[in-house]
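What follows is calculated from the coordinates using simple rules that are stated; it is not laboratory data. A quick note: this is a predicted structure, and the numbers were derived from the prediction, not measured. Neighbour counts run over all protein chains shown; Cβ positions are idealised from the backbone, glycine included.
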Amino acid sequence: MPARKICALTRKAAVITAAFFVWGGVKAEPFAYITNQKANTVSVIDTQARQVAATVELPAGSEPAGVAVSHDGHLIAIANPTSRQVTLIDGASRSIMGSIPVGSGPVGIAVDSAGKRVYAADWYENVVAVLDPERRIVLWRVPVGRSPAGLVVSADGSKVYVANRDDDSISEIDAQRLQVTRTVKVGKHPFGILLSTGGTRLYSANVESNDVSVVDVGSFSVLKTIKVGERPYAVAEAAGRLFVTNQYDNSISAIDLGTLTVAGTVPVGEYPEGIASHPDGRQVYVANWFSNSVSVVDAQSLTVLDTIETGNGSRAFGSFIGQKAP
């Protein structure tokens, strides 16, 4: 939900800042970028050491929520609903390159595979803003459904998908024509969405109906609806399973992608929100908003491998794991 939704959180938590690691000739593991909404920071987690390697300080009042990392790790885009901006971070130097004003409240955010376009869902203006990160400008605004939230871009960059929370739907945007081409009704209040590895299915976490919709991209119709925990928020894919964060249950559900049935449930931290899979396909990282932490879960054994302390209000809504930028 937007930053304005819950503003009574006053819990204090330390922002951990650790020294940078020296990698030498060894290829570094990917980094996870965790938005800490109440701390106005981004924790950079080294996924090999499972430690916070650095903390990026954002301007006061940013209250970051959404995050997207380019495939090569060079660009990190942060959606700040309160300051109404998208902040761009350089993945190599971990420094802020600049910010782009975006409407009234960007929440969901995505970067195309080339890192040339950033898409931001403006929750209050019901548009998806198309940004040029190099020139730091808004190129276009695409009208979509009400309260757009999660975003995902196809591997070839030709399509963008957005969850329209208050319309109970997902829309497909043609990235060349910059207009909506198709819309499908899903469960009640879809929030986080994911495109399958092969690009043939869309998954949406529906926060009010407590289920996940499986959408066939070809026909743009719902194949199945799967009941999960209470208040499902975001989704990730790993080890032949779909993982869903259940905010009110403090857990994640694991769905077998072959049978489309729930294979298990894993307790994590308090009020889990963002979730992303590690490129090794064996781990998923879960941001726990109220616990100020990240849970590292084994996607095969369905056990928590580690818990990493981050900053106050860890949300990390989006695709937050990328490779280390050289």
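Applying the Kirkwood pairwise sum to the alpha-carbon positions of the range 40-135 produces a hydrodynamic radius of 13.3 angstrom. For the set Lys159/Lys188; Lys116/Lys224; Lys38/Lys188, the pairs lying more than 26 angstrom apart at their alpha carbons are Lys116/Lys224; Lys38/Lys188. Of the residues Gly311, Val294, Gln323, the one whose Cα sits farthest towards the positive end of the charge dipole of the chain is Gly311 (charges of +1 on Lys and Arg Cβ, -1 on Asp and Glu Cβ, taken about the Cα centre). Shape call for the range 214-263 from the C-alpha gyration tensor, a ≥ b ≥ c root eigenvalues: rounded (a/c under 1.5), prolate (a/b greater than b/c) or oblate? Verdict is prolate for the range 214-263. The range 84-131 to the range 292-319: how many Å between their Cα centroids? Here the answer is 23 Å between Cα centres. As an exercise, use a Förster radius of 45 Å and the Cβ-Cβ distance of Asp166 and Gln48 to find the FRET efficiency, rounded to the nearest 0.05. Efficiency for this residue pair is about 0.65. Within the range 31-322, DSSP assigns beta bridges of which about 100% are antiparallel (rounded to the nearest 5). Per the Debye formula on identical point scatterers at the alpha carbon atoms of the range 238-326, with no solvent, log10 I(q)/I(0) at q = 0.12 Å⁻¹ is -0.32.
When +1 charges are put on Lys and Arg Cβ atoms and -1 charges on Asp and Glu Cβ atoms, the dipole computed for the chain relative to its Cα centre reaches about 420 debye. Stretching the chain fully between Asp132 and Asp156 yields a gain of 6.9 nm (0.36 nm per residue, less the alpha carbon separation). Placing unit charges on each Cβ (+1 for Lys and Arg, -1 for Asp and Glu) gives the range 31-322 a dipole about its Cα centre, and among Ile226, Ser62, Leu178 the Cα reaching farthest toward its positive end belongs to Leu178. Across Arg50, Arg141, Arg177, mean-square fluctuation computed from a Gaussian network of the chain (C-alpha pairs under 10 Å connected) peaks at Arg177. Its residue count N fixes a reference of 2.2 N^0.38 Å for the range 31-322, and the Cα radius of gyration divided by that reference is 0.89. Ordering Glu125, Glu63 from the fewest to the most neighbouring beta carbons within 10 Å gives Glu125, Glu63.
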